[in-house]
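Student: The structure follows.
Any read-out appearing in this document is the output of simple, stated calculations on the displayed coordinates, not a laboratory observation. What you see is a predicted model, and the numbers here were worked out from it, not measured in a lab. All Cβ positions, even for glycine, are placed from backbone atoms using ideal geometry, and neighbour counts span all protein chains on display.
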Amino acid sequence: MKKPERVLLAGGRVVDPGNRRVRIWDVLIQDGRIAKVGKQLRATGAQRIDCRGKHIAPGFIDMHCHLREPGQEDAETIATGTKAALAGGFTKVCPMPNTDPPIDSEALVRFELARAKEAGFARVYPIGSCTKARAGKELAEIGSMKQAGAVAVSDDGSWVDDPQVMRRVLEYCKAFDLPVISHCELTGFPYGVANEGLVSTRLGLAAGPDVSESAAAARDILLAEFTRARLHIAHVSCAATVSLIRWAKARGVQVTAETCPHYFTLTDAALETFDTNFKVNPPLRTDKDRQAVIDGLADGTIDAIATDHAPHTKSAKEVEFDIAPAGFIGFETAFSLGYEQLVLAKKLSLADYVSRMTTAPARILGLPMPCLQPGADADLVILDLKARWTWTRDQVFSRSQNSPFFGRQLHGRVIGGFLGHKQFWFLHPA
Amino acid sequence: MRQAVIDEQGLKTLVSQLASDISRRNRGVKNLVFVGIKRRGVPLANRLAKELSLNQKYRIPVGAIDITLYRDDLQLVAETPICGGSEIDFDINGRIIVLVDDLIYTGRTVRAALTELLDFGRPKSIQLAVLVDRGHRELPIEPNFVGRTIKTRHDDLVDIYLVEEDGTDGVFLTRR
Amino acid sequence: MKPRFKHLLGIELLTRSDIIGILDQTESFLEVLKRPIPVVPALRGKTIVNLFFEPSTRTALSFSLAASRLSAHCVNFSFPSSSVQKGETLLDTARNIEAMRVDGVVVRHSMPGAPHFLARRLKAFVVNAGDGCHEHPTQALLDAFTLRQHLGSLKGKRILFVGDIAHSRVARSNIICFSKLGARVAVCGPPTFLPTDIEKLGCEVFYRLDKILYEVDVVNMLRVQNERTDLSLFPSIREYRALYGLTRERLSKLDKSVLVIHPGPVNWGVEMDFEIAEFPQTLILNQVTNGVAVRMAVLYLLAGGHEET
């Protein structure tokens, strides 16, 4: 990674999610910050990169991912994960605290930040757990974690099923202006590996009904209203949850939501072959749910897109469907899937799509607003929207390779970008 | 190049000759049963039994066996043959079985038929009657009764037609 | 003609003519079983492994007999459920079997998709002898064969399933199989026993047995699955029998032409009264006899290889 004084990105189409528009502009970067934007800039002595035909956007922010360190370094580390994130265009990521040990104290927040800094790839903004040891019983040291750099709290992986505890978490977090990110899943239903419906009936798979997610979301939304606290619903997967969030926002509840690329790309029909690469929690749902998620993204009911990047080793995943761990890696395919399913399908404009992965997460987590304006950090990505490519195993940056998207034709690609002073390139810009 | 080796009349004559040979050698038809090897051994067995039954007060029993499940060459066969099934509804213990087939060639089909028959019981003896013997035996098996012996080369084709299966009687040899 | 398929993983993957091909082949094996020496050398030299991760006496025995009657060598492995957690992974088991070079594997497992997992990794052919709640294809084939023996064709016949459909792999396989053969399928049980969207598989759904029992040609009773269910699904055996059991009273009101089948083992006094075993229209023992013949047909067809497409 070179360190030139000045870099001029010339002739690219700059995506401005804040103002919901795209225009052809030059961008001048100096000392890791945006120095100037405008038409036909002149910059003597600057490294000139021809970006004609390419798009330039603020670096994406992934507000929900799993980096597995500490504890499961054979699947992923903060170093390998943040590098894979960059390959997907994510310059900022928020790892969930369900590590081993879980991130429930200041020391562990600082550990993550230190590891990220050593690695020097995507910037890390930790999420702390709501409760000690993620056990769902006692409040974790949320204030200290915020001071150390945590941007939200979550017991993701589990739902805080004790309503008294969830209430206390919501209330306590008001003091620190932290959103509580909830993984909505009722705990009383028997373990399900597939969405309850025609597909699970035909395949005889233990089923998880979507009401498990929506009923849990309903409780959390009403608690958020009652406590006047900030709630964020993780990985929305079904139509009923989308409707609830729409209702809640109309009532003025401080609720935001995210979904993941697989919920607007795949359905439970993919489970036919019992391929564990399609096993995820919440499970893939019906096409009706997929459409509702897309509509939710289009009308802003769902604010953000996050990857829920969940690495698992090959040996962990190569078992019977019932016992395989849920989840798949997502950094490196997220942008392309969204571009294909949302922008090319004319559900969202390009600027609005980019805002779901930039300004929306920034607003929810209180991060600096991503924008390509003078003074801002030069965190940006360069995209080739005309690219048609197939993702193969030898191209993967993540340490794990559990993905359902190998061999799939993808549209649009991150070819490189800037992280402050550093440049990174995955494909030649020319 | 295809030529008729036995015509319609000739075939009927051979069948009659076979019938009388079988009767003479066995000094009558008492205790005889016929078993045809599917497919064309069956109508032949029926014809022989019918002729020999003409002078008797009873009908000589006729059975059929499908040797598919007893073949020794399943590994080599390009097709998994669907087995049609055997029908032997009489007791073979202590009987003299005349095993009938239209053609004997390498002898492997007869070997399979013998193994299968012995799984049905313990006959007194088994005799083999064939309409045509084309030589080239690969096992030490010889028929007791032969209609006609034809000298053939390995790549010759011998086609036997029977009215019950093919609408006409006749034997043709095609030389490549 | 060779079958189109290399493995028998489920009825849902078979076409109607695949099914009829297997049933037709079964006829000749039924004849073999009637002989004084009911053995044919067709699979001599082949090795079949019974890999049973879930306990079973009758199915394992049936496959074992089928293999032996074809002169194949049959080896039985049964794994008590606790050692699955502690011992080898399914992947390791598959690798070991591959290294031992067997010709065919018959597998029963508590999780759906396990036979598919093996089929993707083995050169041997795989027969699904039951995977969790998903399928039990040889049971469906032998039931279809048994009904065909008595009814001729299943086309247009009304077949009623009674019991715990949600947790029954036999129900799933049979519903799909009979539907492919043209039958009209209905299911009956308490709502807690009927899986979501079952009507989308083409079945009529009834919650009250007496409303449908006397309108059908065949009753396929199912076992109440004690070992696979959470027992909060119905209040008591007494209530289940009264509302959904094939009691002697109900049977006496049934037309004598109506056939009764059950995959076994039967919970006498729960889904069926004991006297029913003696009724002529109860075909349970016929099912068992036919089971060996059907499994012989399946092993014979798969051992011969498949039509590469």
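Student: Expressed as a rounded percentage, what relative contact order does the range A:45-144 have, with Cα pairs under 8 Å and six or more residues apart?
Tutor: About 26 percent, as a whole number.
Student: In peptide C:171-181, how many Cβ atoms from other protein chains are near each Cβ within 10 Å, on average?
Tutor: The shielding value for this peptide is 1.
Student: Within the set C:K6/C:K157; A:K83/A:K347; B:K50/C:K34; B:K12/B:K50, which residue pairs have Cα atoms separated by over 20 Å?
Tutor: C:K6/C:K157; A:K83/A:K347; B:K50/C:K34
Student: Within straight cross-link reach of B:K57, meaning Cα distance under 21 Å, which lysines are found once same-chain residues fewer than 8 apart are removed?
Tutor: Result set, ordered by chain and number: B:K30.
Student: Quick one: order B:L157, B:L103 by neighbouring beta-carbon count within 10 Å, fewest to most.
Tutor: By the 10 Å Cβ count, ascending, the order reads B:L157, B:L103.
Student: Continuing with the same structure: Let me understand the range B:12-152 better: what is its radius of gyration from the alpha carbons, and its Dmax, in angstrom?
Tutor: Final numbers for Rg and Dmax: 14.7, 47 Å.
Student: For chain C, set up a GNM with springs between Cα atoms under 10 Å and report which of C:F193, C:F117, C:F53 has the largest fluctuation.
Tutor: Comparing C:F193, C:F117, C:F53 in a Gaussian network model of chain C, the most mobile one is C:F117.
Student: So, one more: Could you put A:R123, A:R399, A:R167, B:R25 in order, starting from the residue whose Cβ has the fewest other Cβ atoms within 10 Å?
Tutor: B:R25, A:R167, A:R399, A:R123
Student: Something else about it: For the protein assembly as shown, compute Rg over Rh where Rg is the Cα radius of gyration and Rh is the Kirkwood radius from the inverse mean 1/r over Cα pairs.
Tutor: 1.13
Student: Only bridges with both residues in the range B:12-152 count here: give the DSSP antiparallel percent, nearest 5.
Tutor: 5
Student: Here's something else I'd like to know. Per residue of the protein assembly as shown, what 222 nm ellipticity follows from adding -39500 (n - 2.57) for every DSSP H run with n ≥ 4, rounded to the nearest 500?
Tutor: -9000 deg cm²/dmol
Student: Starting at 0 and stepping by 10 Å, how many percent of the alpha carbon pairs of the range C:137-287 end up in each bin?
Tutor: Here the calculated profile for the range C:137-287 is 11, 47, 37, 5, 0.
Student: From other protein chains only, count the Cβ atoms within 10 Å of every residue's Cβ in A:195-203, then give the mean.
Tutor: Taking the mean over all residues of the peptide, I get 6.
Student: Also: Mind checking the angle between helix A:163-174 and chain A's longest principal axis? C-alpha axes, 0 to 90 degrees, to the nearest 10.
Tutor: Its long axis makes an angle of about 30 degrees.
Student: Which order do A:T390, A:T82, A:T333, A:T273 fall in if you start with the one that has the fewest other Cβ atoms within 10 Å?
Tutor: A:T390, A:T273, A:T333, A:T82
Student: Roughly what would the spin-label model give for C:F274 and A:R363, points 7 Å off Cα along C-beta, in nm?
Tutor: 7.4
Student: Taking amide H positions as placed 1.01 Å from N in the peptide plane, with prolines and chain starts having none, which residues 5 or more places from C:F161, or on another chain, fall under 5 Å of its amide H?
Tutor: Amide H neighbours of C:F161, under 5 Å, 5+ apart: C:A186, C:V187, C:C188, C:N220.
Student: Across chain A, how large is the tail of the calculated P(r) beyond 29 Å, expressed as a percent of all Cα pairs?
Tutor: 43
Student: Taking the Cα atoms only, what angle lies between the long axis of helix A:211-227 and the longest principal axis of chain A, rounded to 10 degrees?
Tutor: Tilt of helix A:211-227: around 80 degrees.
Student: In chain C, which whole DSSP H runs stretch at least 24 Å along their own axis (Cα) and average -1.0 or higher on the Kyte-Doolittle scale?
Tutor: Helices meeting the span and hydropathy rule in chain C are C:16-33, C:284-303.
Student: Run the dipole for the protein assembly as shown about the Cα centre, Lys and Arg Cβ at +1, Asp and Glu Cβ at -1, nothing else charged, and hand back the magnitude in debye, nearest 20.
Tutor: Dipole size: approximately 1760 debye.
Student: If one takes the longest principal axis of the Cα atoms in chain A, at what angle in degrees, from 0 to 90 and to the nearest 10, does the Cα axis of helix A:287-298 lie?
Tutor: So the helix axis and the longest Cα principal axis differ by about 50 degrees.
Student: Over all residues in B:84-91, what is the mean tally of Cβ atoms on other chains that come within 10 Å of each residue's Cβ?
Tutor: The mean count of partner-chain Cβ atoms within 10 Å per residue comes to 3.
Student: How high is the FRET efficiency from A:L427 to C:S153, r the C-beta distance, R0 60 Å, rounded to 0.05?
Tutor: For A:L427 and C:S153, the calculated efficiency is 0.45.
Student: Listed here are the pairs A:K92/A:K422; A:K36/A:K386; A:K92/A:K317; B:K38/B:K151; A:K36/A:K422; which of them are more than 20 Å apart at the Cα?
Tutor: In this structure, A:K36/A:K386; A:K92/A:K317; B:K38/B:K151 lie more than 20 Å apart at Cα.
Student: Quick one: Karplus J couplings for the range B:135-145, per residue in order, coefficients 6.51, -1.76, 1.60, θ = phi - 60°, nearest Hz, x for Gly and Pro?
Tutor: x, 6, 5, 10, 10, x, 10, 10, x, 7, 10
Student: Kindly give the semi-axes, whole Å and largest first, of the ellipsoid equivalent to the range A:247-379, taking each as the square root of 5 times a Cα gyration tensor eigenvalue.
Tutor: Working through the eigenvalues yields semi-axes of 29, 18, 15 Å.
Student: Additional query: If I take R0 = 56 Å and measure r between the Cβ atoms of A:R52 and B:S16 in this structure, what FRET efficiency does the formula 1/(1 + (r/R0)^6) give, to the nearest 0.05?
Tutor: 0.05
Student: Could you give the dipole magnitude of the range B:10-125 about its Cα centre, charging the beta-carbon of Lys and Arg +1 and that of Asp and Glu -1, in debye to the nearest 20?
Tutor: Taking the Cα centre of the range B:10-125 as origin, the dipole is about 700 debye.
Student: Let's see if you can work this out: charge +1 on each Lys and Arg Cβ, -1 on each Asp and Glu Cβ, no other charges. What is the dipole magnitude of the range C:137-287 about its Cα centre, in debye to the nearest 20?
Tutor: 400
Student: Okay, next question. Taking the alpha-carbon distance from C:K2 and a cut-off under 13 Å, which aspartates and glutamates remain once sequence neighbours fewer than 8 residues away in the same chain are dropped?
Tutor: B:E79, C:D18, C:E307, C:E308
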